[in-house]
Each structure stands twice: as C-alpha cells, then as structure tokens.
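Below is one structure, written out as structure tokens; the observations come after it.
FYI, it's all coordinate maths here, none of it is from the lab. Everything numeric here is computed off the predicted structure, so don't read it as measured data. Methodologically, a virtual Cβ is constructed for each residue, glycine included, from the backbone with ideal geometry; neighbour enumeration extends over all protein chains shown.
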Ligand SMILES: Nc1ncnc2c1ncn2[C@@H]1O[C@H](COP(=O)(O)OP(=O)(O)OP(=O)(O)O)[C@@H](O)[C@H]1O
Ligand SMILES: [Mg+2]
C-alpha cells in the first residue's frame, strides 16, 4: 500500500501543558513516522495524550520541544493538504449551513469554479452514500450520517493526509462497522495517508497498517505494531483470522500496561 | 395546524382581551376627568389616529426610531466584532463599555441636547447612542462563547480570517447577537419617546406631553395607547426578522 515516502514524522516530540497548578508533562519523547498511503492508529489508555499528539500533528498546537514534519516541512500551523474528522460532529459541522455549503466552505479557497465545486460535492456525497442530501441541514440527519458528511467534507479538499480523532466513538455499533468500511473504501479510492486516534483496539487492528501504542505518564511510544492483515479487509473474515486475535491480545496487554 | 394556531392565539390573547374588557367595563360610568371611559378614549383614538395625525406625529417618531436604531446597531455590530476578535483589546475596553452601559439611556438625552441643541440630530444621536451598547456587548459575548471545536475546524480547513468571521464566528453567535439587538430596539424605542418630550412639536411623545399639559386628558390617553400598539408592532416585526435569520437555530433546537 505504501510507496515508502515519508509523509508525517514526529521527532522526539515533548509536550508540557501549563496549568494553574504547575506544569503537566504529557508527552515524554514521541517519535514515529507515517509513509505515503499508510493507515496508522494511535491507541493508549484514556488521558495518555492521544488527542494532544493529534493536535500537534495538525499544527493546531506547537510541541514544547521536538518537531513534527509533514512532507519534510516543520509544521507550525495547519498545512495545506490536511483534512480532519473529529469525534464531535455536532460541533465540527456548521448547523447554519446546509450539507452542500458545509462541504463547499473549505473548497472556496482552492480556486475551483462553481461547477467544479458542485461536481466535487456530488462525488464525495456519492462516495459516502449520501447522494441527494445537498440541501439538508446537518441536524436533520442521524449521527452516523452527520459523520459521513464530515468525512465527505474532509475528502472533498483532496487531502494528502487525513487525521481523525475517535471519529466513530459517538455512533452505535452497526453504524460504526459501516463507517469503518467506508473509511477503508475512501482511503482506497482516494489514496489518502491516514492517522486515527481510537479507543477501540479491534478497530485499530482492523483498519491499520501500523498501530502506535502510547503508554505512561508522561507518555512514550510503547511499541509500533505492524499489522499485516491482507487486503481487501472484511469485517467477518479479517476479524476472524488468527493474526487478528494475536495482534489484538498483544496490543490490549500493552495498553493495560501488562506487557 | 389550524388547531395549533388557534391554541396559540388563545394562549397569547386571553389576558390582553380580558384586561381591555375589564377596563371598558369599570370605566363606563367614570366621571373622573383623569380616567375617562375607555369608550370615549376609543372614539377619540379613531378620530385622531385613523389616520389624520399619523403623518405629523407617528411618521416622525418612526423615522427617528429607525434611523437611530440602525446607526446604533451598526456601530454596535462593528465595534463588537472588533473588540470580540481581539482578546487583548477587550480587556482594555470592556470595563468602560460596562460603565457607560449602566447609565440609564434616558438620562443621556440632556447631554445630547447640550451638544446638538433641540433638533432632529439630537434625537437620532441619543437613540443611536442608546442602541449601541446592548448589541455591542452581545456581539462580544457571542464571539467569546464560540465553540473551540468549531474554531479548530475553521483553522484546519484553512479558512481565511474573513471567512472564519462571516461564515463561522458571527453565525455561531447569531442567537446571542439577536437577543442583544432586541434589547437595543427596546431601549431605542424608549429613548425615541423620551427625546420628544423636550422641545418638539412633533412625534407621539410630544403629542402626549402637550395633551397632558393642556389638560386634554382623553387625547393623552390615546397617545399612551398608540405608543403601546407601536411598541408591540415594532417588536413583532423584529421577531419575524429574527425567526427568519435564525431558522436553522430554532429548527435544530426543536429536533434535539
Ligand atoms: N489544554 C490543556 N491544559 C492542560 N492539560 C491538558 C490540556 N489538554 C489535555 N490536558 C491533559 O493532558 C493529558 C492528555 O490529554 P489528552 O486529551 O491528550 O488525552 P487522550 O489520550 O486523548 O484522552 P482520552 O482517551 O480520554 O480522549 C490529560 O491528563 C489531560 O488532562
Ligand atoms: Mg482524546
């Protein structure tokens, strides 16, 4: 799946928060890299610093020391070619804009014509299975559908890199499976390098080429687990494989600090 | 649908209708010169206001109200956006704004008379001044309460500062901003009437004051009733505009 070109690299990233009660040392020394086309999950116990790491990757925050590079350039603010999907779709979609306006908002800057924008919207909505919902408002849609809109908006900018923070944490189990498969399909169709934070270790194994396990306070990279499950992946067959069970047991133990 | 409308009508109309009916009933045989029978006031109302005196008294008041209110709200919006988007600036300016705002708006009228004299400019300036602050403070508060996730989303998708302001921050603050504008409107109405009480021959405020001073008590009562009706109608128009602009907000609240 990968060409071997490094898209994202974190080099000895340290993050401290200034709090009223003093400095909170959250990330100790984080290094990893993400190759073009790869899908990486970031897992770890609650509060370990996953969201923190993700915000650093997007350029919304600067690390205390160390560097994040995207395409070899040090990230100091959100770079072009990046798209995000957040857990809280009710707050990341604009309720005063229709689905189509939500998607076109970031497109305006890319210098596309009106027809190109309309075509892009049609294309991405079809991709996520929401064709014909252009004129609906987000709050008229179910949670799973809203997250599909967020995914459609993300891929509409033709990102090189997609970053997601627990994108499926607020939807029911069946919708979650559907959205996981949607992400696999999108990634295949659009060849997007992806980094995703998740609580769900099964999900991390199912979707990823590598799983970055964070552990400790302050957090270190405990291990980077390669996932060699064959493509195309399938909810029943892939999850039924022996390697799947082995990987999930191993990662589970690491997240629990048992290994 | 029709049923719902009629229930709404009953809910909102029963009290005013009962009060008017009671007033009508208890005042029928009134001999008190200060409280003439409502039937007499009503006849006089129709005589005066349908529609003979509307051009000389109602139109000037409404023009003053509309000009002053528009200018004040515009200044409030622009000022609010400038202060609301500059955290640093807000800290220097907000205390002064809070101070000025706590002066009762009507009390500033004499100051405007000193500056402008007894004229049209004075009235509009006083109305505009009073309308600035409720809107401005609402805009500042609305911008400060913008959801961080929304702002992060705008940043990651690299919206321009202008897009972020116009497409994200201001609409997100819309419900708060509108309630501020509504207060501006109410204050502006009060100051419109108050500003006519001094040195003016035109306007409903002036009409009512002159009527009182010359013991035309029934005329004064019609003026009071007219003010009530106008205030109500102005608010009604505002609510229609608000409901249209915040349709997304009202509908999304209804669903959740
Ligand atoms: N802005 C902040 N200021 C101070 N401390 C913070 C801030 N944001 C996060 N923290 C702290 O940093 C630590 C890591 O937080 P973070 O949100 O990155 O964890 P997480 O792994 O995403 O947790 P979860 O699994 O619950 O989402 C937590 O202890 C949190 O309290
Ligand atoms: Mg988190």
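For residue B:60, the test of being farther than 15 Å from residue B:132 by Cβ and either within 19 Å of the chain's Cα centre (by Cα) or touching a residue at least 24 places away in the same chain (Cβ under 8 Å) (or both) is passed.
Those strands (runs of 3 or more DSSP E) of segment A:25-105 in which at least 1 residues are within 14 Å of another protein chain (Cβ to nearest Cβ), considering only elements entirely within it, cover A:65-70, A:82-85. Residues in segment A:82-92 that are within 16 Å of ligand 2 (Cβ to nearest atom) and under 20 Å from residue A:180 (Cβ atoms): A:84, A:85, A:86, A:87, A:88, A:89, A:92.
Only one of the listed residues (A:173, A:169) is away from ligand 2 (no atom under 16 Å from the Cβ) and more than 13 Å from chain B (Cβ to nearest Cβ). That residue is A:173. For segment A:127-166, a residue qualifies if it is more than 14 Å from chain B (Cβ to nearest Cβ) and without any contact (Cβ under 8 Å) to a residue 40 or more places away in the chain, and the qualifying residues are A:130, A:131, A:132, A:133, A:134, A:144, A:148. Put simply, of A:84, A:48 the only residue that is within 19 Å of residue B:158 (Cα to Cα), within 16 Å of ligand 1 (Cβ to nearest atom) and in contact (Cβ under 8 Å) with a residue 60 or more places away in the chain is A:84. Look through segment A:185-201, keep the residues that are over 12 Å from the mean Cα position of the chain (by Cα) and either surrounded by 20 or more Cβ atoms within 10 Å (Cβ to Cβ) or at positive phi (or both), and return whichever of them is nearest to ligand 1 (Cβ to nearest atom). Within segment A:185-201, the match that is nearest to ligand 1 (Cβ to nearest atom) is A:201. Here is a check on your reading of the model: is residue A:91 free of Cβ contacts under 8 Å to residues at least 40 places away in the same chain, within 16 Å of ligand 1 (Cβ to nearest atom), surrounded by fewer than 21 Cβ atoms within 10 Å (Cβ to Cβ) and under 26 Å from residue A:140 (Cα atoms)? The answer is yes for residue A:91. With respect to residue A:95, determine if the residue is away from ligand 2 (no atom under 16 Å from the Cβ) and more than 14 Å from the chain's Cα centre (by Cα). Spelling it out, residue A:95 is indeed away from ligand 2 (no atom under 16 Å from the Cβ) and more than 14 Å from the chain's Cα centre (by Cα).
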